[in-house]
Amino acid sequence: MNKNIGLISALCVCLVFSSVGSWAQSGGTSSSEPVIESIVVRGHQRIEPATVLSYMALEQGDIYQEGEADQSLKTLFATGLFADVRFTRQGSTLFVDVVENPIINRVVFEGNKAIDDDDFNEEIKLRPRIVYTRARVQTDLQRMIELYRRKGRFAATIVPKVVQLPQNRVDLVFEINEGAPTGIRRVNFLGNDVYKDRKLRSVIVTDESRWWNFFSSNDNYDPDRVTYDRELLRQFYESRGYADFRVTSSVAEMTPDRDDFFVTFTLKEGARYKFGTAEIDTNIEDIDIEILEGLVKFNENEIYNAERIEETVDSLTFAAGIAGYAFAEVRPRIRRDFDNKIINVVFRLREGPRVYVERVNIIGNSRTLDRVIRREMQIVEGDAFNRIQMDRSRNRIRALGFFEEVEITEEPGTVPDRTIVNVAVEEQPTGEFTFGVGFSSTDQLAGDFSISERNLLGRGQFLRLRVSGSNRRQQIDLAFTEPYLFGRNLVGGIDLFRTVTDFEEEAGFNLSSTGLNLRTGFPLNQYARLAPRYSIRNDEVDVSDANCISGVISSAICDEQGTRVTSVVGFSYYTDHRNDPIKPSAGYDFLLQQEIAGVGGDTKYSRTQLEMNAFHKLFFKNVIGSVTWETGFIFPLGDDKVRLSDRFRKGGNSFRGFETSGLGPRDLTTDDSLGGQAFGIGTVEISFPTGLPEQYGIDASLFAQAGTVGHIDNDVQNDVIQAAVDRNDVLLALGVLPSALPPLPQIEDDMSWRVSAGLSVFWDSPFGPVRLDFAQVLVREDYDNVEAFRFSAGTRF
């Protein structure tokens, strides 16, 4: 009996342990939880059921567990594909009911005027064909609100609305109420003892709101602009000796009516310092210390200016690069003498570690081909990094004229001795449609226009079709230039032209020229280029026989009547040492042009022209002085003479204050311009900002010009007078009374100097560049023709 009881007890214990083990293996789930025999996805439209199942932790054959079901729900919601997900069990089947988020069909902005749609699209993340979610809409909504705050529109409100479309698509519409701009009622400064508030307000960009500032947006509150103002204040004080200056706070408080802001800058000016000693500390033995000391941009006891230190660093770095140490580093060490208010500076010049270019990235060239930019780079992948060559590369790319901005930056490469060079460009219009209008002292209107493309198909090629039509000139000119002929640094170009110029008013004749130019060019070094060329043209001078006989037109012109072929070979030599090819502020350039006519044809002469320009920064950063000298001379070869069509004619844009061909040799009896065989014109010009907001794009310059045009060979003048005598002899033989004979030519050719001065205004208008010239002639001859105003304009595409 006891044995049976023991067996029964052991059997019960085994059954208990067996049940516990099975429960543990099932994860502790009660055996009442069924096994999932099938999973059915319902409500899906675009998304495949397999995609839904791939996000779930539960699979077919698993025992349903609440923990895994909850995790599956969270994962499905996190995908952003679904607006709602529900699990339902019916027996051993698990139903997954989903509501898909719609797809955005389009994003529409309504009511926006201050900010363009393109600006919004660059900022927000939502796009057509992207899944719509409320979270994404709220994120983009905050970005748009921030854009309006940067524009000073803190009252702007944006309401997103959804328009339901078939096939679970939606249009997302942002209804915008921009509100009035939030202005600046007052800009205050605290802690400024040296400079008054009025002076400091002229330093910063932020303006106080005034009724006359309707063209400016700087009187709207912008936190980023206020941050920039802090930097401007620091630069202002540090350039005037206040090395310890700092802006302790800048606070913007909204007015009670919530229309404007009060902006308050709290300053700590500190003491004023002077420069002490300047030392050069270098371990490079090949560089002469005395030469480096001569590059220091400040003197002892001069008022401290942080900009002078930066300029010295640039000069020393550049000098080391020229000496062959492209990786040199210059670090200024400033030592303050607080007692004597002196700042001593030690410039440590060290040869830096050698770094190589791993990769060159071209960014932002949506139109221009990569190779057009890369061929202007002075360094390529694998070259040793060279700061000097980087600067030259930037100038060469800017000189193309294809880009508004060119910025070259570096970033670390994949290994410490490698760097990645990023060339970021901003394309600008390279097509140009131009027209010019001039108002002369004789109340005449002259104009011309042309259409050109400087970056044809993004290949860097130049194509121009110029069709000029005015009361004095008709021209058809087709020009094409390939800057890299045969894939080499060799320019090739061809010009076809037909020009008819009416010189009736200036000289009493019409000149027709038809011809062909062939051009090439190649670099001699990094600064200079040589451009050989050949041209052949047919010139026809047309003069009315009746006017010649009656003496209305000078016999000097009548003698030129007829057709001649001119065959010319020549070259241009150009060297450019300017610091910037677009807006130079230092350096110089030089152009020499030489032509020889007589390689075939009917005309023989030698013509030389020179042009020199020098630039220098004056007084302030944006005030640039320039000096220009142009000169030229032409003389006949053999027993030939210089023709009327080959002489120099100056005036208009080339000598402001005078009409085209308004100065130089003239037949006083007919008031005809004869042109000169030599000229020289010097120009002194000071370019400066007008003080208007930079976004207006208006600059100006004061100029003074002095020059002369003249010299006609005595043989030519004698021939002219003899031709007039012969004409009068013929008239006498025909019975014309001596009192009715035309007067003999009276040629005035004294090479006297002319001087003019005035103001030029340049406006980079929305439709193209505009130039206005206001000139006053100070020294002239009585027979010169002058103009006080000239206007020219154009548009770009």
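Out of (1) surrounded by 14 or more Cβ atoms within 10 Å (Cβ to Cβ); (2) modelled with pLDDT under 75, the odd one out for V730 is which?
Result: V730 fails condition (1) only.
How many residues are in a loop (DSSP other than H, G, I, E, B), under 37 Å from the mean Cα position of the chain (by Cα), loosely packed, with under 14 Cβ neighbours inside 10 Å and free of Cβ contacts under 8 Å to residues at least 24 places away in the same chain if we restrict to segment 265-315?
1
Tell me whether segment 493-515 contains one or more residues that are out of contact with any Lys or Arg (no Cβ under 8 Å at 6 or more places or on another chain), at pLDDT 90 or above and open to solvent by 40 Å² or more (accessible area, probe 1.4 Å).
Within segment 493-515, one or more residues are out of contact with any Lys or Arg (no Cβ under 8 Å at 6 or more places or on another chain), at pLDDT 90 or above and open to solvent by 40 Å² or more (accessible area, probe 1.4 Å).
Is it the case that some residue within segment 696-714 is at pLDDT below 75 and either closer than 26 Å to Q609 by Cα or surrounded by 14 or more Cβ atoms within 10 Å (Cβ to Cβ) (or both)?
no
Select, from R336, R398, the only residue that is open to solvent by 80 Å² or more (accessible area, probe 1.4 Å) and in contact (Cβ under 8 Å) with a residue 24 or more places away in the chain.
R336
With respect to L141, is the statement that it is modelled with pLDDT of 85 or more and in contact with a helix residue (DSSP H, G or I) (Cβ under 7 Å, 6 or more places away or on another chain) true? Break it down into steps so the answer makes sense when it comes.
Values: modelled with pLDDT of 85 or more: yes; in contact with a helix residue (DSSP H, G or I) (Cβ under 7 Å, 6 or more places away or on another chain): no.
Judged against the criteria, L141 is not a match.
Please determine, by comparing only the residues of segment 112-121 that are assigned to a helix (DSSP H, G or I), touching a residue at least 12 places away in the same chain (Cβ under 8 Å) and in contact with a strand residue (DSSP E or B) (Cβ under 9 Å, 6 or more places away or on another chain), which one is least open to solvent (accessible area, probe 1.4 Å).
Across segment 112-121, the extreme among qualifying residues is F120.
Condition check ((1) of a type outside the set (S, T, Y); (2) surrounded by 15 or more Cβ atoms within 10 Å (Cβ to Cβ); (3) closer than 30 Å to Y273 by Cβ; (4) at pLDDT 90 or above) across all residues:
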| site | (1), (2), (3), (4) |
| --- | --- |
| V345 | yes, yes, yes, yes |
| P353 | yes, no, no, no |
| Y356 | no, yes, no, no |
| V360 | yes, yes, no, yes |
| I363 | yes, no, no, yes |
| I373 | yes, yes, no, yes |
| M377 | yes, yes, no, yes |
| V380 | yes, no, no, no |
| M390 | yes, yes, no, no |
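Considering only residues that are of a type in the set (D, E, K, R), open to solvent by less than 50 Å² (accessible area, probe 1.4 Å) and in a helix (DSSP H, G or I), look in segment 222-264 and name the one that is modelled with the lowest pLDDT.
Among them, the one singled out is R225.
Could you run through segment 764-790 and say how many residues are farther than 30 Å from E748 by Cβ and either at pLDDT 90 or above or in contact with a strand residue (DSSP E or B) (Cβ under 6 Å, 6 or more places away or on another chain) (or both)?
Within segment 764-790, residues that are farther than 30 Å from E748 by Cβ and either at pLDDT 90 or above or in contact with a strand residue (DSSP E or B) (Cβ under 6 Å, 6 or more places away or on another chain) (or both) number 6.
Here is a list: R656, R643, R647. Which entry is open to solvent by less than 40 Å² (accessible area, probe 1.4 Å), at pLDDT 85 or above and more than 34 Å from the chain's Cα centre (by Cα)?
Matching residue, one of R656, R643, R647: R647.
Among the listed residues T608, T669, T603, identify the single one that is touching a residue at least 24 places away in the same chain (Cβ under 8 Å), more than 27 Å from T575 (Cα to Cα), surrounded by fewer than 19 Cβ atoms within 10 Å (Cβ to Cβ) and among the polar types (S, T, N, Q). Can you show your working first?
Working: T608 fails: more than 27 Å from T575 (Cα to Cα); T603 fails: surrounded by fewer than 19 Cβ atoms within 10 Å (Cβ to Cβ).
After applying the criteria, what remains is T669.
Could you give me the residue pairs with C-beta distances under 7 Å whose first residue belongs to segment 565-582 and is farther than 18 Å from G492 by Cβ, whose second residue is modelled with pLDDT under 90 and open to solvent by 70 Å² or more (accessible area, probe 1.4 Å) wherever it lies, and which are 6+ apart or on separate chains?
Cβ pairs passing all conditions: V565/D602; S567/V599; T575/Y527; D576/Y527; H577/Y527.
Residue pairs, Cβ under 9 Å, 6 or more apart or interchain, first in segment 122-142 and of a type in the set (F, W, Y), second open to solvent by 90 Å² or more (accessible area, probe 1.4 Å) and in a loop (DSSP other than H, G, I, E, B). List them.
none
Just to be sure before I move on: is D699 assigned to a strand (DSSP E or B) and acidic (D, E) in the structure I sent?
yes
The values are calculated or read from the model by the stated rules, or taken from the named source; none is laboratory data. No experiment lies behind these values; they were computed from the predicted model shown. Glycine gets a Cβ as well: all are built from the backbone with ideal geometry, and neighbour counts include every protein chain shown. Heavy atoms of the whole protein, side chains included, go into the accessibility calculation; ligands, DNA and RNA do not. Shrake-Rupley method; radii C 1.70, N 1.55, O 1.52, S 1.80 Å.
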